[in-house]
Amino acid sequence: MAIDFEIPAEAKAIREKVRQWVQDECHPAEQRLIEGADYKTTLAELRKKARAQGLWCPFIPPEHGGMGLGPLANALVQMELGQSHLGALSMNTQGPDDATMMTLLAHGTEYQKEKFLKPLLNGEKRICYSMTEKAAGADATGMQTKAERQGNENYVLNGEKWFSSAASVADIALVMAKTNPEAPRHQQFSTFIVELPNPGYRIVRDIETMALESPLSHIMGGGHSEVKIENLVVPAENLLGGEGNGFAMGQHRLAYGRLRHGMHNIAMAQRALDLATAHVTKRSTFGKKLSDRQGVQWMLADCAAELYQARLMLLHIAYKAEKGLDMRQENSIAKVFLAHMVHKVVDTAIQLHGALGYSQDTPLARWYTHIRSQRLVDGPDEVHRWTVGRNVIKAFEKYGTTASAAGGDLI
Ligand SMILES: Cc1cc2nc3c(=O)[nH]c(=O)nc-3n(C[C@H](O)[C@H](O)[C@H](O)COP(=O)(O)OP(=O)(O)OC[C@H]3O[C@@H](n4cnc5c(N)ncnc54)[C@H](O)[C@@H]3O)c2cc1C
């Protein structure tokens, strides 16, 4: 009996619809922005159209106004949306909001869902996630921000955060803080819903990064903020998921966020390979088209192989998610692979474009500076490889072979 790689007709149809959506609506809207159109109006029009066509919050259940797509269909949709920087925004499935909506949906009280989740799902508000501090990133258990209970009514938070993506455009922040320093390491932290703007949550600056910015980047939520948290009063009813559960909820949220980055990486790498291929079929040097040179064909072939592996990894993970199987090992392997994959493919596309690739006349240079962050965000390479490596050893100790930690249950 063969493995069935056939994508269900329903998922194929929705992928096709989203592919058309990106081509017919998102790319032209991107162009209008470049030509000076107003961002807020453009996005509002795009969202209205998307919603009218049923293209809205792909993985959110229909009873909450979403499309209710399962992991496979959602992965296919995200792989299309990543082709345009308005793609995910147009369907209200942009990071960091999407994974944070997921957390509110899974752990929010009825009050929290009504007051905070509903406007997010309606696209009326945006949310950011403040976990990382200068004091602690890869090892988030080093967070120093404290939350102290003040009677039955409130918590008061003090500390700092940095690299809170989209904080400067957000209306709500999920903030992690230490509530019990005596508890076991992973149960010391809780998550609070904070309404913005708030005098206790002060954005010190949007951090300048190596990513090429346009004036629109920050309006669109591309900025990453440094935040001072000073006597931030949070009503006790805004504690999310109970005291001590912040860390576990954060990991659940990041597990999806990592994969969504990977899905968008595939879309970006695919577009980079398309651009490179279009270029080499037109450009001639030394009397021959670049595309006729075997060395160039090898470069394209290596990119195709990278993309093929990336797709298979994501689809296998989607399959595991559909079946409710443990996919933590594959998630970490794919997170690292996909971050390197997009880097290699975009780098090759720049190389094949020559000086044009280095210029800002194609999107490649901008992408290149953005995707470097993929090896750092949601856990740096080394931390995932550390986990993966430990699982390899554990598998060997348990079964006498490392196969189960290396995708071996596939064969
Ligand atoms: C573009 C961008 C957006 C982000 N958005 C958000 C956000 O919205 N919200 C949020 O809370 N955070 C966000 N972050 C922060 C991100 O999650 C952290 O940068 C990440 O967890 C790494 O933490 P760090 O930068 O403090 O690195 P550190 O913890 O200082 O680690 C530095 C380096 O040390 C190495 N290292 C660390 N631990 C180990 C180990 N055990 N073994 C071997 N080597 C190791 C790795 O090479 C690592 O890159 C964002 C970061 C970036 C770059």
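Within the option set ASP347, ASP381, being of a type in the set (Asp, Glu), surrounded by 14 or more Cβ atoms within 10 Å (Cβ to Cβ) and within 14 Å of the ligand (Cβ to nearest atom) holds for one residue only, ASP381. Just for region 172-218: of the residues that are touching an Asp or Glu at 6+ places or on another chain (Cβ under 8 Å), part of a loop (DSSP other than H, G, I, E, B) and within 15 Å of the ligand (Cβ to nearest atom), which one is nearest to ASP139 (Cα to Cα)? Filtering first and then ranking leaves ILE207. In this structure, does GLU30 turn out to be surrounded by fewer than 22 Cβ atoms within 10 Å (Cβ to Cβ), of a type in the set (Asp, Glu) and in a loop (DSSP other than H, G, I, E, B)? Criteria not met by GLU30.
When residues of region 1-41 are filtered for being farther than 17 Å from LEU81 by Cα and of a type in the set (Val, Ile, Thr), how many remain? Before the answer, list the steps.
Just the residues of region 1-41 that are farther than 17 Å from LEU81 by Cα, to begin with: 1-10, 32-41.
If we keep only those that are of a type in the set (Val, Ile, Thr) as well, we get 3, 7, 34, 41.
Adding up the residues that qualify gives 4.
Taking the stated definitions as given, is ILE393 aliphatic (A, V, I, L, M), away from the ligand (no atom under 15 Å from the Cβ) and either in a helix (DSSP H, G or I) or not assigned by TED's automatic domain parsing to the domain that holds GLY257 (or both)?
Spelling it out, ILE393 is indeed aliphatic (A, V, I, L, M), away from the ligand (no atom under 15 Å from the Cβ) and either in a helix (DSSP H, G or I) or not assigned by TED's automatic domain parsing to the domain that holds GLY257 (or both).
For region 128-146, a tally of residues being more than 10 Å from the ligand (Cβ to nearest atom), modelled with pLDDT of 95 or more and either more than 14 Å from VAL227 (Cβ to Cβ) or exposed (fewer than 13 other Cβ atoms within 10 Å of the Cβ) (or both) returns 1. Screening ARG47, ARG15 for residues that are among the basic types (Lys, Arg), within 22 Å of LEU259 (Cβ to Cβ) and under 22 Å from the mean Cα position of the chain (by Cα) leaves exactly one candidate, ARG15.
Of all the listed residues (LEU72, LEU89), the sole one being under 26 Å from SER164 (Cα atoms) and in a helix (DSSP H, G or I) is LEU89.
Among residues of region 140-169 that are touching a residue at least 40 places away in the same chain (Cβ under 8 Å), those with a Cβ under 8 angstrom from a residue that is more than 12 Å from the ligand (Cβ to nearest atom) and of a type in the set (Ser, Thr, Tyr), sequence gap 6+ or separate chain, pair up as ALA147/TYR155; ALA147/THR179; ALA147/SER190; ARG149/TYR155; ARG149/THR179; TYR155/THR179. Remark: pairs (first residue in region 365-385, farther than 12 Å from ARG258 by Cβ; second residue more than 10 Å from the ligand (Cβ to nearest atom) and part of a loop (DSSP other than H, G, I, E, B); Cβ separation under 6 Å; 6+ apart in sequence or on different chains) = ARG366/LEU212; THR369/LEU212. Among the residues of region 101-127, those identified as surrounded by 15 or more Cβ atoms within 10 Å (Cβ to Cβ), away from the ligand (no atom under 14 Å from the Cβ) and either assigned to a strand (DSSP E or B) or among the small types (Gly, Ala, Ser) (or both) are GLY108, GLY123.
The values are calculated or read from the model by the stated rules, or taken from the named source; none is laboratory data. No experiment lies behind these values; they were computed from the predicted model shown. Positions of Cβ are generated from backbone atoms using ideal geometry, with glycine treated the same way; all protein chains shown enter the neighbour counts.
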